[in-house]
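Since the structure comes first, as structure tokens, the remarks are kept for the end.
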Amino acid sequence: MIFDELAGPLVEELNITDRFSDVEAIEALSPDEKQAFFDDLLQGCTRCYACRNACPLCYCPTCFVDESRPQWVGKTNDPVDVKTYHLLRAFHDAGRCTDCGACEAACPMGIKMRFLTRKSIKDCVDRYGWETGMRLEDRPALDRFRLNDPQEFIR
């Protein structure tokens, strides 16, 4: 815990032994089952951008969805455009997302989009030993590169 002042007694952190069981359940699905899971998850999205507007990480002067040169993602409610928006947003926040849940809390359609961001959190923890916000002096996991990186998956 990092804090300047405490408003009350220090609350002990939860000891969660199976923190990413929800993500691992999705990882265990076949490719077709994963496709169906995410199709179903995102089908109600109206592209209102409440998730983006509530997210403390979304502070870019021009969001990728508002770019027209190049246009990274279509602006329709077509399922491909909706999935592309959510996947690009999850990748954009990878290594920085704290899993605060503001995106889900703001969604008027009740979409549980944290399944996407939690996967990137799990991968950063597993592959880089990186936990967002735990060490102020470290750069985010996907914001650094070393030629002598010991991880074989990166080569």
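Any number yet on Rg/Rh for the range 1-58, C-alpha, Kirkwood?
1.15
Using r as the Cβ-Cβ distance of residue 46 and residue 112, and R0 as 22 Å, what FRET efficiency do you calculate, to the nearest 0.05?
In this case the efficiency is close to 0.90.
Taking R0 as 22 Å, what FRET efficiency do you get between residue 17 and residue 37 from their Cβ-Cβ distance, rounded to the nearest 0.05?
0.35
Enumerate cysteines in the chain without a disulfide-compatible partner, where compatibility requires another Cys Cβ under 4.7 angstrom.
45, 48, 60, 63, 97, 100, 107, 124, each lacking another Cys Cβ under 4.7 Å.
If you line up the long axis of helix 31-42 against the longest principal axis of the chain, both from Cα atoms, how many degrees apart are they, to the nearest 10?
So the inclination is approximately 80 degrees.
When the chain is treated as a GNM, springs tying every alpha-carbon pair under 10 Å, which of 119, 83, 34 comes out with the largest mean-square fluctuation?
Answer for the Gaussian network model of the chain: 34.
I want to verify the translational diffusion coefficient of the range 17-132 in µm²/s; compute it with Stokes-Einstein, Rh as the Kirkwood radius over Cα pairs, at 20 °C and 1.002 mPa s.
Roughly 143 µm²/s, to the nearest whole number.
Highest GNM mean-square fluctuation, the chain, Cα pairs closer than 10 Å: which of 31, 108, 61?
61
Working from Cα positions, state the angle (0 to 90°, nearest 10) between the long axis of helix 114-128 and the longest principal axis of the chain.
50
None of the figures in this text is laboratory data; all of them are computed from the coordinates on show. This one's a predicted model, so the numbers in the text were calculated from it and none came from an experiment. As a convention, Cβ positions derive from the backbone with ideal geometry for all residues, glycine included, and neighbour counts pool all protein chains shown.
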